[in-house]
C-alpha cells in the first residue's frame, strides 16, 4: 500500500531529498511526473531525476509535489 504526503515546506523537500523517496508531480490537476527523486531544489524550482540522464525541472509555484511512501 502506498501513502501520499504533500511536500510543501523546504523541510519536506529536504527530507524527500535525503531519503531518496519517489515523488509525484501534479500541474493543473494532471500528473506530469512520477517515480523520480528530488536531486535539487530552491525557492522557485524542484529538479527531479527518474533515470541516468532524465532530469526534469518543475516550478514550485505552479506544481504540487507528493512523496510516495510504501507502508
Looking at the calculated P(r) for the chain, what percent of the C-alpha pair distances fall above 15 Å? 46 percent
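With n ≥ 4 as the cut-off for DSSP H runs, can you work out [θ] at 222 nm for the chain, using -39500 (n - 2.57) per run divided by the number of residues, rounded to the nearest 500? List each step's numbers first, then the result.
Values: 1 runs with 10 residues, N = 71.
About -4000 deg cm²/dmol.
Values quoted throughout were computed directly from the atomic coordinates according to the rules given, and no laboratory measurement underlies them. For clarity, every value in this text was computed on a predicted model and none was experimentally measured.
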